[in-house]
1. Got a sec? Which of A:LEU212, A:LEU241 is on the phi > 0 side of the Ramachandran plot and more than 17 Å from the chain's Cα centre (by Cα)?
2. Enumerate the pairs (first residue in the stretch B:225-246 and over 23 Å from B:GLY18 (Cβ atoms); second residue anywhere and surrounded by 15 or more Cβ atoms within 10 Å (Cβ to Cβ) and of a type in the set (Phe, Trp, Tyr)) with beta-carbon separation below 9 Å, excluding pairs fewer than 6 apart on the same chain, so at least 6 apart or on different chains.
3. Any idea which residue in the stretch A:115-146 is nearest to B:LYS153 (Cα to Cα), counting only those that are over 14 Å from the mean Cα position of the chain (by Cα) and aliphatic (A, V, I, L, M)?
4. Quick check on my filter: what residues within the stretch B:88-115 are over 26 Å from B:GLU179 (Cα atoms), crowded, with 18+ Cβ neighbours inside 10 Å and β-branched (Val, Ile, Thr)?
5. Could you please let me know if A:ILE17 is under 18 Å from A:GLY115 (Cα atoms) and more than 14 Å from chain B (Cβ to nearest Cβ)?
6. Being over 22 Å from the mean Cα position of the chain (by Cα) and under 17 Å from B:VAL102 (Cβ atoms) is true for just one of B:PHE84, B:PHE65. Which residue is that?
7. Let me confirm something: among A:LEU172, A:LEU166, which residue is away from every other protein chain (no Cβ under 14 Å), modelled with pLDDT of 95 or more and in a strand (DSSP E or B)?
8. Filter the strands (runs of 3 or more DSSP E) completely within the stretch A:59-154 down to those with at least 3 residues that are touching a Leu at 6+ places or on another chain (Cβ under 7 Å).
Protein chains: 2
Amino acid sequence: MRTLQVDLGERSYPIYIGGGLLNEAGDYFERHQLSKKSPVLIVTDDHVAPLYLKRVEESLGNSGFTTVSKVVKSGEKSKSLEVFEEVMTAAIESGLDRRSVVVALGGGVVGDLAGFVAASYMRGVAFVQMPTTILAHDSSVGGKVAVNHRLAKNMIGAFHQPEMVLYDVDTLQSLPEREVRAGLSEMIKHGLIWDAEFAEWCREHTADLLSLDPDALGYGLTKGCSIKAQVVSEDEKEMGLRAILNLGHTLGHALEAIGGYGEFLHGEAISIGMAAAARISVNRGRDRSLYDTTTSILRGFGLPTVMPGHLEEDQIIGAMMHDKKFKEQQLVFVLPTEIGKVEIVSDVKVEEVRRVISELKEEGHHV
Amino acid sequence: MRTLQVDLGERSYPIYIGGGLLNEAGDYFERHQLSKKSPVLIVTDDHVAPLYLKRVEESLGNSGFTTVSKVVKSGEKSKSLEVFEEVMTAAIESGLDRRSVVVALGGGVVGDLAGFVAASYMRGVAFVQMPTTILAHDSSVGGKVAVNHRLAKNMIGAFHQPEMVLYDVDTLQSLPEREVRAGLSEMIKHGLIWDAEFAEWCREHTADLLSLDPDALGYGLTKGCSIKAQVVSEDEKEMGLRAILNLGHTLGHALEAIGGYGEFLHGEAISIGMAAAARISVNRGRDRSLYDTTTSILRGFGLPTVMPGHLEEDQIIGAMMHDKKFKEQQLVFVLPTEIGKVEIVSDVKVEEVRRVISELKEEGHHV
């Protein structure tokens, strides 16, 4: 078992990473002195509930905690104000009070939804994350919680740090292969923005990671979380540095949006986005090897790095214009300067984006 | 013009209290270096908009700010997730970004609603309060923002401190008399919980305050805000001390709830609640004068201090059981120990509440 401390002053919290942790949830709740007199609300989805809900309920129950649960539908659509209100109703009807804990048992959607409930129920109660996906190693660090508005993703939310993250890597064994690859995309991103050695380690351990080797996974997740934690510690409220975490996201979010959040998984979309960002850097004069190395790591994981031919350039640009990463009408991009380092530039012209879209379509013809 | 600083570390902010301030809104925005490049969203209601919206828009416009506005229906029903979503839609459609400001122009409902929008739009943007009621002198200090859930008041919200409060006392001249009285109820409460001298000053200036004499009003509002600010500074997140602000609220909220938020104004309900709290204290052995003085000050302002005969005891008790001021199934009350001092007790028995309800009904027969 590995423990990683996220350093945020009085809002600091630990991330526990290891096997079998869900069975020990009750012990961890006791260690953190969470209230046994107030009901604990476990929020999860209908894919995760049959696999792990009972395990968590029993562990908490055995330690003397009272639990209630709310199961939402799996998928991004549950990150809505409507479902948010349903969870709130469950919280009120179950008598949650100010010392209650809201648990997110699941992936990023459940984490974001349950986290925003925890942030706003009675103006904020304790929150515990129990991620069950690889992708959630990213979203479980940093305290960003939100639901979507029909006009834009993640527009309604808060910064709300958890009491702890209980990351049971055993749950990852049941993930579909496509989700494994997509989840590893954010892990690789953490190497690309911050730590060339870790990016190289990811490349060397491609096979181990894809086969969910516990040692490699444990190290990779810990390292990924630790990089994110360092960035977040320096910029909790996203005033500057934290934006580097958005490498690949400007274009990635646009691809997710025009695919109706169905064609691409988040990790796939940002993989294409990271390839595009590297290509823009090369077009601006960086060494060609920056693009080649980036795409070869990603491709090794079976992640997409070319632009599907059927996506219209204007549609992609239009979707980017709606994204909140536009700051005062200027096009902000996170661009790599070398492997393990990025810069935030705010003067990327629409023409540069059009060019890279067409270049990545062209690459698609050669693959 | 009076300025009062609310001291909350890096979240500190000033309250400006005086006449004609809405006309100078643009100057104040400039002084606080709010962004001219990002649209300002003014949230107000259909009673306030015809009176003051144009004034604010013009002042901000003359200083080079771009404004958009969202007018909601007047009344507690606008403090819903539904209206919250409508305001969010307006914010997104108007292109608000992270440097935008959300303005609450109106009373407590508009302040709570717009404040929760500001707290959660893109995980938090700047917030400016422009109160137009006396009651809002209370809600504009402390950063509590929320909407109601159909099952309970203020269940969904946040702590979000404003950049500043611009309190134009000229707007109070248009208030209906009943709202003036009810608004002064919270001002008197601030004296009763914290400052016997101020309570006595309120009694001496009853006529001046009711006639909205600018000097008396300016002093009273500043003093009321300043007491609340002291309490909030010591306990921003309501872990302990801040609960003293709930004097009269345990019973008051129940009366509001069973009256369907229509029979009593908030200030009227807590006036009865303050009388009840003083009576419970007397029943527990405090000097009878505590109850007599409390009720005589309140009655001087034309505020109710007896229990209407048609309200069922069981209904009142039932509504209290639903209120979030029950901590782990114990009945928590703020009780006065003398004029200007209160204590928080958590062992008030249901029988004591039944007794005081019947005593206050009895008082009604004598009035």
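The values are calculated or read from the model by the stated rules, or taken from the named source; none is laboratory data. Everything numeric here is computed off the predicted structure, so don't read it as measured data. Here Cβ is always computed from backbone atoms with ideal geometry, including for glycine, and neighbour counts include all displayed protein chains.
1. A:LEU212
2. The qualifying pairs are B:VAL231/B:TRP194; B:GLU236/B:PHE159; B:LYS237/B:PHE159; B:GLU238/B:PHE159; B:ILE244/B:TRP194; B:ASN246/B:PHE333.
3. Just the residues of the stretch A:115-146 that are over 14 Å from the mean Cα position of the chain (by Cα), to begin with: A:116-128.
Checking which are aliphatic (A, V, I, L, M) leaves us with A:117-119, A:122, A:125-126, A:128.
Numbers: A:VAL117: 16, A:ALA118: 17, A:ALA119: 17, A:MET122: 10, A:VAL125: 17, A:ALA126: 20, A:VAL128: 25 Å.
The extreme case among them is A:MET122.
4. B:ILE92, B:VAL101
5. Details: under 18 Å from A:GLY115 (Cα atoms): no; more than 14 Å from chain B (Cβ to nearest Cβ): yes.
So A:ILE17 does not fit the description; no.
6. Working: B:PHE84 fails: over 22 Å from the mean Cα position of the chain (by Cα).
After applying the criteria, what remains is B:PHE65.
7. On the way: A:LEU172 fails: in a strand (DSSP E or B).
Result: A:LEU166 is the single residue among A:LEU172, A:LEU166 that is away from every other protein chain (no Cβ under 14 Å), modelled with pLDDT of 95 or more and in a strand (DSSP E or B).
8. A:67-72, A:101-106, A:126-131
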